[in-house]
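The structure appears right after this line, and notes come after that.
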Amino acid sequence: MKFGGTSMAGIERIRSVAARVKREVEAGHEVAVVVSAMAGETDRLVGFCREASPLYDRAEYDVVVSAGEQVTSGLLAIALQAIGVPARSWLGWQLPVRTDDAHAKARIGAIDTAALDASLSAGEVAVIPGFQGVTDGGRSTTLGRGGSDTSAVAVAAAMRAERCDIYTDVDGVYTTDPRIVPRARKLAKVTYEEMLELASVGAKVLQTRSVGLAMKEGVRVQVLSSFTGAPDGEGAPMADTLPGTMIVGEEEVDDMERQLITGIAHDKNEAKITLTQVPDRPGAVASIFAPLADTGINVDMIIQNVAHIHDGATGSTDVTFTVPAADLARSLDVLEQGRAAIGYERMVHDTRVAKISVVGVGMRSHAGVAATMFTTLGARGINVQAISTSEIKVSVLIDEDETELAVRVLHTAYGLDAA
Ligand code: ADP
Ligand code: ASP
Ligand code: MG
């Protein structure tokens, strides 16, 4: 069982979580629980780091931001004990959850389950703070924002759990964020592949890596609500009845259930950078993107315009691309330092952009998905600033203010609105 930030926000909610865990224990399950920090807490801690220094040391950032989960894991263990359920916390370094040393976005290598197995066999609920791990050198790491989902799937995989239930503040995965489009429809099943794509383009209901890991390890994942029934969970459907959305293999979804488009996602956490008049010569783009890659910054959408001849001299071109907004300051710093090597004229950036994506395995065999997207947005006067595609996805970059409108009109255009 994994409980997200809203589910853990305050002692009342944590008591409610404890009661829900107790119900599953009483139904005969051995339970490991992974918890997030209280809603808003990680943002607050990240804010302190930025305030202390915009170019903060990521290893120390990890020390700071992993603290939120330490608090909630201890509190849940206390709340469980208070209602007669034996429980104890296992911090990332205690299990341990081993990761590489890519601070702030570390990858889990292995989880030692000896202690966990013993704890569960002894009839104890193991409470594990999500998001955190430890390097071989003993330093704290975190798994990237939303990483508690990945912690949960990793624990489930390591323990060969029957299922990984991700409890959150919505009762499943919808055709789009139900907070933006009230007419979004809940999906009973989504394939790993589609969920992976949806998550990677901004459907933050599951962290992308958690879906990739579940797919690789064959973990059965369910997304469900921790807010159903009474505060103590009475009347809420038991997780075994699968009230939420199951993330499953392709073979478990039959053709009758297939739609051309599975879902639409948006992402406001990207920033656009444009370098003007980059010399049009071999190696020019490498001189931009290699240093960013070396700094661990993931570039997403890229557009390079055709070369123009300026003042009759050498050809040059504008290069526009997006990076995670959280990496903007660092990106600008890297590009400023590389200015002489790259040879650009000006560097401009814009954080008021949003990426809108439509996802569905059906588009492999259907033409016109992208055309529908451009036509629909064009008809509403929404300008497309950049485009990227994959086999099962089309993404566009637009003005952030038009996010909600774009998602809504596309949801209707692809026939996804609930009746
Ligand atoms: P938690 O704190 O439990 O991890 P998150 O805020 O990370 O919760 O994820 C849940 C949120 O994901 C929902 O409140 C919802 O607004 C958002 N969301 C975005 N896209 C979708 C979608 N397609 N289906 C369901 N929820 C979505
Ligand atoms: N607390 C972390 C975050 O807000 C991890 C998580 O909640 O999944 O990103
Ligand atoms: Mg989350």
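The values are calculated or read from the model by the stated rules, or taken from the named source; none is laboratory data. Predicted, not measured: the structure shown is a model, and the values here were computed from it. For neighbour counting, all protein chains shown are included, and Cβ atoms are generated from backbone atoms with ideal geometry for every residue, glycine included. The area values use the complete protein model at the heavy-atom level, side chains included, leaving out ligands, DNA and RNA. Shrake-Rupley method; radii C 1.70, N 1.55, O 1.52, S 1.80 Å.
Rounded to a whole number, what % of the accessible area of the stretch 62-203 do carbon and sulfur atoms account for, probe 1.4 Å? Roughly 51 percent, rounded to a whole number.
How would you rank 138-145, 206-213, 56-63, highest first, on the average number of other Cβ atoms within 10 Å across their residues? Walk me through the numbers on the way to the answer.
Working: 138-145: 21.5, 206-213: 23.9, 56-63: 17.9.
Per-residue mean Cβ counts within 10 Å order the peptides as 206-213, 138-145, 56-63.
The C-alpha atoms of the stretch 42-162 occupy a region whose extents along the principal axes are 46, 30, 23 Å, arranged from largest to smallest. Given R0 = 51 Å, the distance between the Cβ atoms of ASP100 and ARG258 translates into a calculated FRET efficiency of 0.85.
Compute the accessible area per residue over the stretch 174-243, keeping the other protein chains in place, probe 1.4 Å, unit Å².
Numbers: 3210 Å² over 70 residues.
Solvent-accessible surface per residue comes out at 46 Å².
Using a 1.4 angstrom probe on heavy atoms only, work out the carbon and sulfur share of the accessible area of the stretch 298-371 in %. Roughly 50 percent of what the probe reaches on the stretch 298-371 is carbon or sulfur. The portion of the accessible surface of the stretch 236-294 made up by carbon and sulfur, rounded to a whole percent, is 54 (1.4 Å probe; DNA, RNA and ligands excluded).
Relative contact order, percent, of the chain when contacts are C-alpha pairs under 8 Å separated by at least 6 residues?
Working: 867 pairs, mean separation 57.5, N = 419.
Reported as a whole number, the value is 14 percent.
Among the protein heavy atoms, those of SER365 account for about 100 Å² of accessible surface (1.4 Å probe, every chain in place). The Cα atoms of the stretch 201-280 define a convex hull whose projected area, averaged across directions, is 10.1 nm².
To the nearest 20 Debye, how big is the dipole of the chain about its Cα centre, given +1 on the beta carbon of each Lys and Arg and -1 on that of each Asp and Glu?
On the way: 39 positive and 55 negative charges, 57 e Å.
The calculation lands at about 280 debye.
Expected output is a single nm value to one decimal: the length gained when fully extending between GLU345 and ARG44, i.e. 0.36 nm times separation in residues minus the C-alpha distance. What is it? It would help to have the intermediate numbers written out before the result.
Working: separation 301, 0.36 × 301 = 108.36 nm, distance 3.70 nm.
Taking 0.36 nm per residue and subtracting the Cα distance, the gain is 104.7 nm.
Using the crude model of +1 on Lys and Arg Cβ and -1 on Asp and Glu Cβ, and no other charge, please compute the dipole size for the stretch 97-229 relative to its Cα centre, in debye to 20. Intermediate values should be presented prior to the final figure.
Numbers: 16 positive and 16 negative charges, 86 e Å.
Result for the stretch 97-229 is approximately 420 debye, rounded to the nearest 20.
Within the full protein context, the accessible area of THR375 is estimated at about 90 Å² for a probe radius of 1.4 Å.
Placing R0 at 35 angstrom, the Cβ-Cβ distance between ASN383 and ASP240 gives a FRET efficiency of 0.10 after rounding to 0.05. Restricting the GluC sites (Glu not before Pro) of the stretch 158-212 to loop positions (DSSP other than H, G, I, E, B) with no more than 14 neighbouring Cβ atoms within 10 Å leaves GLU162.
With an 8 Å Cα cut-off and a minimum separation of 6 or more residues, compute the relative contact order for the stretch 1-42 in percent. Can you show the working numbers first?
Details: 46 pairs, mean separation 26.6, N = 42.
With pairs under 8 Å counted, the relative contact order is 63 percent.
With a Cα cut-off of under 18 Å and a minimum spacing of 8 residues unless on different chains, the lysine pairs in the chain number 13. The gain in end-to-end length when the ASP417 to LEU332 segment is fully stretched comes to 26.5 nm, 0.36 nm per residue minus the alpha carbon separation. SER390 to ALA290: extension gain in nm, 0.36 nm per residue of separation minus the Cα-Cα distance? Net length gain for the segment: 33.7 nm.
Entry comment: accessible area of the stretch 251-358 is 50 Å² per residue, from protein heavy atoms only and a probe of 1.4 Å. Database remark: amide H of ILE166 closer than 5 angstrom to the amide H of LYS2, GLN222, VAL223, LEU224 (H placed geometrically; neighbours at sequence offset of 5 or more, or on other chains; Pro and chain starts carry no H).
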